[in-house]
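The values are calculated or read from the model by the stated rules, or taken from the named source; none is laboratory data. Please read all numbers here as calculations on a predicted model, not as lab measurements. We place every Cβ from the backbone using ideal geometry, glycine too, and count neighbours over all the protein chains shown. In case anyone asks, the SASA skips ligands and DNA or RNA and just uses the protein heavy atoms, side chains included. Shrake-Rupley method; radii C 1.70, N 1.55, O 1.52, S 1.80 Å.
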Amino acid sequence: MPLYDRSKARRSLFDTMSYRIVSQATTLLGYVVLVRTMSKEDFGVLNLLYSFIPLVGTAASLGLEQTLRRYQPEYLRGGNVAAAAWLVRRIALMRFATNIFVLGAVLLAWKYLAPRFDLGAYRAQFEIFCLLILLYFQTQVLQLTLAAHMLHRFSVGSYALLSLSKLLCYSALAFAGALTLRNAIWADVFGYVVIYLFLQFIYRRRCAPEAQAYRPKSEERKRLLRYGLFNNFNDAGTLFIDSRIDNFFIAAFMNAVSVGIYSFYMRLNEMAMNLMPGRLFDNIIQPMFFAVKPAEADERLPQYFTFLVNANLLLLWPMLAFAIVYHSELLRVVFGGKYIEHAWLLPLVLGFATLNTFSTPVALVAQYEEKPHIQLLSKMFAAYNVLAMIVLIPMMGLYGAAVAIGTSQLLKNCFVWWHVRRRAVWLNAGISFLSSVALWSVTVAVCFAIKTTIAAPAIIQLLLGIIVIGAAALMQMRGPVLCPSDRDLLLRLFQGREVRVLRALGLLNPPAGPQAAR
């Protein structure tokens, strides 16, 4: 049976959806406990430490993860399991070695660099955090590997296991009054130990072939090396277009408390982005995307690109509308009003996320066409981000940081799209965008009218907003935001009892408006 057939994709979709729901729910609950319980100083330092993950990941990446994403599905599609296993072993070993090198360099330079970012007194905590960083990248390699084998129940299930472990540890520490910075780091390390052992066990049982001897030909090594080399510099450029790296600029210009505030809103945005279909099913989409035969690419890639963009916008538009109207009420009810003085950061970062919704689809097209040099050149906008941070943070504070990262990511994505625009085609761009803007502008106006005319507690306002925006979202599903090829893909993928639900929601009905007559 083919590894990337429709039935396995369908099963992986349901496994991913169920485990991601658990993961997102427990992540949110754990984050609420963390934000409500930790001091602002400790919370800011914890987020600053987490900013070292992209720093370590890109300082000597060698394009390792990108090479694994790109070529493991190709090996498996051709039935070359031994080659896939060889690639996994090499990637895991090289990632461990580069991480040790970079972390050692950071520790050696600690007394010179740390005081510039208010971290001088936290060397002991960083040494513990180094364990987390090593575990993080090893688990990432295993998660990508299991996803390439279409074992999403385990790869995505590990995220749920991690978030559940964190929630239990955070809750126990908060109940005991011991949720300090050091204990929060140990709780996270414990969670990563659990999922690493789990993933390693599943990989040995389900993926590793009995005979693992494999030696790639010199031409194949050169191909992998060339792709990895381009992506090494590509990943290095990504470093300064990562919102977590913004934390170092904020710490340098402001303080650790400001890092906590900014990270809080960026984390809320990240949790919202994790609900997007393009992110929710990324481990399913990537191997199937790269498994498309070259002869079919001109037809299928624009359909996939359009589907990912439109599916993301189905959720992004209502989220953005909700954040514009109810950002303060959300923070007051869920997080006890903490960091509410910067509540407008939430709709700002969600607005940029909506503009950048084509980021993942366009990157997939560029990777499929093996154009890492284009992605590398796009990182020139990292220089713009650095300059914008230096200029805007002193002028606008945290809002300046959000504007800098949002605009730099938008410019980068537009640059990549321009070079792959022949296949990265948004088939129903005009009607989808215009109809959505019209619908959600009216919805936001209605919500503001209700909010100003009905005096009610914050939680009642949230419930009223959910009802109005939920009704608008149902209208959107039946409108032209999805094109006929999107609905056809859904119908081909979902052919069980779930079809009734999708049809009731309007996702499988002909689109309303001008397209219905075509």
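Projecting each Cα onto the charge dipole of the chain (Lys/Arg +1, Asp/Glu -1 at the beta carbon, about the Cα centre), which of ALA382, GLY260, LEU197 comes out farthest on the positive side? Result: LEU197, furthest along the dipole toward the positive end. Below 8 Å between Cα atoms, with a sequence gap of 6+, how large is the relative contact order for region 41-156 in percent? Contact order relative to length: 34 percent. Note on region 181-223: with charges restricted to the Cβ of Lys and Arg (+1) and Asp and Glu (-1), its dipole about the Cα centre is near 220 debye. Dimensions of region 45-150 from C-alpha coordinates, computed as largest minus smallest value along each principal axis and given longest first, are 53, 21, 17 Å. Dipole magnitude for region 420-496: computed about the Cα centre from +1 point charges on Lys and Arg Cβ and -1 point charges on Asp and Glu Cβ, it is near 300 debye. Projected over all directions and averaged, the alpha-carbon convex hull of region 422-473 occupies 4.6 nm². Calculated mean residue ellipticity at 222 nm for the chain: -26000 deg cm²/dmol, from DSSP H runs with n ≥ 4 weighted as -39500 (n - 2.57), summed, divided by the residue count and rounded to 500. Shape analysis of region 39-85 based on the Cα gyration tensor places the equivalent ellipsoid semi-axes at 37, 11, 6 Å, largest first. For region 379-506, the average shadow cast by the Cα convex hull is 12.2 nm², which is a quarter of the hull's surface. Between the alpha-carbon centres of region 133-197 and region 342-407 there is a gap of 28 Å. In order along region 147-159, the phi-based Karplus estimate (6.51 cos²θ - 1.76 cosθ + 1.60, θ = phi - 60°) of 3J(HN,Hα) comes to 5, 5, 7, 6, 9, 6, 4, 8, 5, 6, x, 5, 5 Hz; Gly and Pro are listed as x. Between ALA438 and ALA504, full extension at 0.36 nm per residue minus the direct alpha carbon distance yields a gain of 21.4 nm. Please find the FRET efficiency linking TYR112 to ALA25, where r is the Cβ-Cβ separation and R0 is fixed at 45 Å, and quote it to the nearest 0.05. Given R0 = 45 Å and the Cβ-Cβ separation, E is 0.60.
Fully extending the segment from LYS222 to ARG206 would add 2.8 nm, taking 0.36 nm per residue of separation and subtracting the current Cα-Cα distance. Short to long, the 10 Å bins of the Cα pair-distance histogram for the chain hold 4, 17, 29, 29, 17, 5, 0, 0 percent of all pairs.
In order along region 428-440, phi translates into HN-Hα couplings of 10, 4, x, 5, 5, 5, 5, 5, 5, 4, 5, 4, 7 Hz, rounded to whole numbers, per the Karplus curve 6.51 cos²θ - 1.76 cosθ + 1.60 with θ = phi - 60° and x for Gly and Pro. Projected onto its three principal axes, the C-alpha set of region 144-215 covers 53, 22, 15 Å, listed from the longest axis down.
Going down the table (LYS338/LYS451; LYS111/LYS338; LYS40/LYS111; LYS222/LYS379; LYS338/LYS412; LYS40/LYS166), which pairs top 29 Å between alpha carbons? Among LYS338/LYS451; LYS111/LYS338; LYS40/LYS111; LYS222/LYS379; LYS338/LYS412; LYS40/LYS166, the Cα-Cα distance tops 29 Å for LYS111/LYS338; LYS338/LYS412. Using R0 = 25 Å, the C-beta based FRET efficiency linking PHE448 and LEU355 works out to 0.65.
Only Cα pairs under 8 Å and 6+ residues apart enter the sum, and on that basis the relative contact order of the chain stands at 20 percent.
Annotation for LEU131 and ALA105: the two label points, set 7 Å from Cα along the Cα-Cβ direction, are 2.6 nm apart.
Measuring with a 1.4 angstrom probe and ignoring ligands and nucleic acids, ASP298 comes out at about 90 Å² accessible. On the beta carbon distance between SER39 and ASN80, with R0 = 60 Å, the FRET formula returns roughly 0.70.
Accessible-area rank, largest first, for CYS414, CYS483, CYS169: CYS414, CYS169, CYS483, with all protein chains present and a 1.4 angstrom probe.
Can you compute the label reach from ILE466? Point 7 Å from Cα along the Cβ direction, backbone N cut-off under 17 Å, restricted to region 136-174. The answer is none.
The alpha-carbon atoms of region 331-443, seen along their principal axes, cover 47, 38, 22 angstrom, with the largest extent given first. Solvent-accessible area of LYS338, all protein chains in place: 40 Å² (probe radius 1.4 Å, heavy atoms, ligands and nucleic acids excluded).
When only the Cβ of Lys, Arg, Asp and Glu is charged (+1, +1, -1, -1), the dipole of region 65-189 relative to its Cα centre reaches about 200 debye.
Couplings for region 299-312, taken from phi via the Karplus curve 6.51 cos²θ - 1.76 cosθ + 1.60 with θ = phi - 60°, read 8, 7, 5, x, 5, 5, 4, 4, 4, 5, 5, 5, 5, 5 Hz in order; Gly and Pro are left as x. Give me the orientation-averaged projected area of the Cα convex hull of region 354-402, in nm², one decimal. Over all viewing directions, region 354-402 projects a mean Cα-hull area of 4.0 nm². In whole angstrom, region 98-227 maps to an equivalent ellipsoid with semi-axes of 33, 24, 10, each derived as √(5λ) from the alpha carbon gyration tensor and ordered largest first.
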